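The values are calculated or read from the model by the stated rules, or taken from the named source; none is laboratory data. Because the structure is predicted, anything quoted here is derived from the model rather than measured. Quick reminder, even Gly has a Cβ in these numbers, built from the backbone with ideal geometry, and neighbours come from all protein chains shown. The protein model used for the area step is the full one, side chains on, heavy atoms only, and it has no ligands, DNA or RNA in it. Shrake-Rupley method; radii C 1.70, N 1.55, O 1.52, S 1.80 Å.
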Amino acid sequence: MPFVIGADIGSQSVKGVLLDPDGQVVATAGRPCVMSHPHSGWAEQDPLAWERCLADVIGQLLATQRAGPAVSHLALACQVDGVVAVNDRLAPLRDAIIWLDRRAVGQAAELAAGIGDTAAFRITGLNVDASHTAPKIMWIRDEEPDVYRAARSMPPVAAFLVGRLTGVLAQDPANASSSLLYDVAAGGWSNKLLDVTGIDPGLLPPIRPSVDIAGTLTPAAARLLGLDARCEVLVGTGDDHAASIGAGAVRPGIIADITGTAEPVTATSERLVLDPGRMVETHAHGLNGLLLVENPGFVSGGSTLWLARSVLGVDQSRVFDLAAQAPPGADGVGFLPALSGSTAPRWNSDMRGAFTGLSMNHDGRHLARAVLEGCAFGLRDIVARLHLLGLGGGADAEVRVVGGGARSPEWLRIKADALGRPVRPVLAAEATATGAAILAGLAAGTFDDIDDATARAVELAPEPLWPNESVREVYDAAYTRYRAMFDSVELGGT
């Protein structure tokens with residue numbers, strides 16, 4: 001049985017894992033990516049840079065195996081909520097507008113005015129927000145009409161790359177369901193929302209299951225990637241969806257906390273769940289027939305990076321060392337992780353971050369701990385909502401932590417104590433790419449089914465980290481201050 005590759009196409013990096021015929025990760029690799037910010041609130045990337053990064057990552061993976069393994073299947077897990085306008089040759093007509101971009105606020109308002117926030121949420125499971133792809137497509141139509149007229153398609157990131165590699169445009173339900181054009185109950189495009197937005201459905205790649213084979217590599221793609229042209233490329237899925245698979249969170253009752261630049265928090269559901277408070281959204285899952293209920297996340301790892309570079313002038317890893325030197329509760333210092341708006345406890349694109357409680361005796365140690373605790377309180381809000389919706393398991397059900405947050409003992413300790421729940425790190429260095437590789441392994445026959453796949457390919461810490469009851473009162477009081485801070489900043493900004 002051959003090897004398979006899973007790749008994670010993110011906004012800061014492209015990462016990959018090589019899975020052997022026994023379903024074990026035998027190599028990992030990564031390469032950084034670059035974002036650009038032409039204007040305030042804008043975030044773009046060169047789509048062709050993803051190809052180059054992917055080629056480099058696959059080259060690194062193959063170089064680890066002396067024999068140069070035969071790779072039969074490739075699956076991509078890509079950042080969602082991005083738009084790549086392409087021509088008839090699938091060449092990009094402009095830089096991609098990615099998930100972090102907030103320019104389409106006016107178009108989101110237009111969509112809401114046309115159908116109503118409540119009606120849109122009932123159909124799509126999504127908040128009408130500029131982060132989703134339909135408003136971004138509308139922005140291109142309104143502000144760059146020449147690009148819109150020249151476009152053959154407006155695929156999300158995964159569909160763009162699959163198209164470039166195989167010549168076939170396709171997207172899975174997970175990507176489609178983040179568009180604000182998808183009927184999450186019916187499992188297809190909503191004619192009502194297509195009419196309201198005026199978006200031509202012909203610009204949207206067809207919807208196919210994530211494990212479907214989109215096609216084999218074109219000769220040019222095979223040369224670029226260093227793979228055999230017979231390698232089959234899956235339709236693939238979104239990064240949060242693959243990370244949940246890589247965490248083994250494929251059954252109800254398990255929460256996945258995905259700590260990257262942002263911190264999505266997800267739970268799998270077998271039934272349609274719509275949050276009446278709209279803190280969490282409902283997407284199709286990367287696994288056929290399931291749904292992924294998630295909050296797309298506040299700026300989490302991005303907050304630690306901002307603090308390190310812009311305030312403390314240290315390496316990002318130093319933030320965690322400094323935080324460990326301050327007491328629980330950060331001696332009264334609080335931080336609001338809303339550097340790019342908020343999604344918890346309420347969605348508000350106008351919210352911004354803040355420190356409170358500062359005095360002359362505080363220093364970088366207290367700021368570092370306050371940032372980590374503020375992010376943990378954002379997580380607490382989301383976990384509480386998932387629990388209220390019946391998706392979080394029992395009161396002692398563990399939260400599985402993926403990404404950078406899983407590699408910091410101090411952040412894990414803060415999360416367990418702030419949540420009052422056990423947390424268990426996922427040990428895989430690249431859980432999102434591992435989730436993509438699991439999909440590839442399912443298509444290749446490496447695994448019998450998803451339960452077999454998660455049992456063999458998902459690596460968890462032997463034991464969860466339980467909360468320290470001695471600091472419960474400290475964290476409850478700090479959380480109360482955090483919520484009051486959110487209310488005050490939100491009120492002051494209106």
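Residues that are open to solvent by 50 Å² or more (accessible area, probe 1.4 Å) and touching a Phe, Trp or Tyr at 6+ places or on another chain (Cβ under 9 Å) within segment 1-31 comprise just one, 26. Within segment 1-42, the set of residues being assigned to a strand (DSSP E or B), among the hydrophobic types (A, V, I, L, M, F, W, C) and touching a residue at least 40 places away in the same chain (Cβ under 8 Å) comprises 3, 4, 5, 7, 9, 14, 17, 18, 19, 25. Please verify whether residue 128 is in contact with a Pro (Cβ under 9 Å, 6 or more places away or on another chain), surrounded by fewer than 23 Cβ atoms within 10 Å (Cβ to Cβ), farther than 27 Å from residue 214 by Cβ and in contact (Cβ under 8 Å) with a residue 40 or more places away in the chain, treating the condition exactly as stated. Considered against the rule, which asks whether it is in contact with a Pro (Cβ under 9 Å, 6 or more places away or on another chain), surrounded by fewer than 23 Cβ atoms within 10 Å (Cβ to Cβ), farther than 27 Å from residue 214 by Cβ and in contact (Cβ under 8 Å) with a residue 40 or more places away in the chain, residue 128 comes out as no. Taking the criterion of being without any contact (Cβ under 8 Å) to a residue 12 or more places away in the chain and among the acidic types (Asp, Glu), the residues of segment 455-494 that qualify are 469, 473, 476, 487. Quick check on residue 268: is it over 13 Å from the mean Cα position of the chain (by Cα) and among the hydroxyl-bearing types (Ser, Thr, Tyr)? The answer is yes for residue 268. Taken together, the residues in segment 108-119 that are under 24 Å from residue 284 (Cβ atoms) and surrounded by fewer than 23 Cβ atoms within 10 Å (Cβ to Cβ) amount to 7. Could you list all residues from segment 467-494 that are part of a loop (DSSP other than H, G, I, E, B) and either at pLDDT below 95 or surrounded by 15 or more Cβ atoms within 10 Å (Cβ to Cβ) (or both)? 467, 493, 494 - these are the residues of segment 467-494 that are part of a loop (DSSP other than H, G, I, E, B) and either at pLDDT below 95 or surrounded by 15 or more Cβ atoms within 10 Å (Cβ to Cβ) (or both). Selection of segment 140-175 for residues being buried (at least 19 other Cβ atoms within 10 Å of the Cβ), among the aliphatic types (A, V, I, L, M) and touching a helix residue (DSSP H, G or I) at 6+ places or on another chain (Cβ under 9 Å) yields 140, 151, 154, 157, 158, 159, 161, 165, 168, 169, 170, 174. Only one of the numbered conditions (1) in a loop (DSSP other than H, G, I, E, B); (2) under 25 Å from the mean Cα position of the chain (by Cα); (3) at pLDDT 95 or above is violated by residue 439, and that is (1). Checked against the criterion of being in contact with a Lys or Arg (Cβ under 7 Å, 6 or more places away or on another chain) and free of Cβ contacts under 8 Å to residues at least 40 places away in the same chain, segment 247-264 contains not a single residue that satisfies it.
Would you confirm whether any residue within segment 43-62 is part of a loop (DSSP other than H, G, I, E, B), closer than 26 Å to residue 247 by Cα, open to solvent by less than 40 Å² (accessible area, probe 1.4 Å) and not polar (S, T, N, Q)? Within segment 43-62, none of the residues are part of a loop (DSSP other than H, G, I, E, B), closer than 26 Å to residue 247 by Cα, open to solvent by less than 40 Å² (accessible area, probe 1.4 Å) and not polar (S, T, N, Q).
Residues in segment 442-465 that are open to solvent by less than 20 Å² (accessible area, probe 1.4 Å) and either within 19 Å of the chain's Cα centre (by Cα) or farther than 19 Å from residue 258 by Cα (or both): 3 in all. Does segment 400-409 contain any residue that is surrounded by fewer than 24 Cβ atoms within 10 Å (Cβ to Cβ), modelled with pLDDT of 95 or more and charged (D, E, K, R)? No, because not a single residue in segment 400-409 is surrounded by fewer than 24 Cβ atoms within 10 Å (Cβ to Cβ), modelled with pLDDT of 95 or more and charged (D, E, K, R). Listed conditions (1) within 25 Å of residue 211 (Cα to Cα); (2) β-branched (Val, Ile, Thr); (3) open to solvent by 20 Å² or more (accessible area, probe 1.4 Å) are all met by residue 34, apart from (1). Here 106, 82 are screened, and the one residue that is touching a Pro at 6+ places or on another chain (Cβ under 9 Å) and free of Cβ contacts under 8 Å to residues at least 40 places away in the same chain is 106. Among the residues making up segment 180-195, those that are touching a Phe, Trp or Tyr at 6+ places or on another chain (Cβ under 7 Å) and outside any strand (DSSP E or B) are 181, 190.
Across segment 275-310, the qualifying residues are those that are of a type in the set (Asp, Glu) and part of a strand (DSSP E or B), and the one among them that is surrounded by the fewest Cβ atoms within 10 Å (Cβ to Cβ) is 281. Inside segment 355-382, residues that are open to solvent by less than 30 Å² (accessible area, probe 1.4 Å), small (Gly, Ala, Ser) and more than 27 Å from residue 280 (Cα to Cα) make up a count of 2.
Residues in segment 311-354 that are open to solvent by less than 60 Å² (accessible area, probe 1.4 Å), among the small types (Gly, Ala, Ser) and over 22 Å from residue 468 (Cβ atoms): 338, 340, 341, 342, 344, 349, 353, 354.
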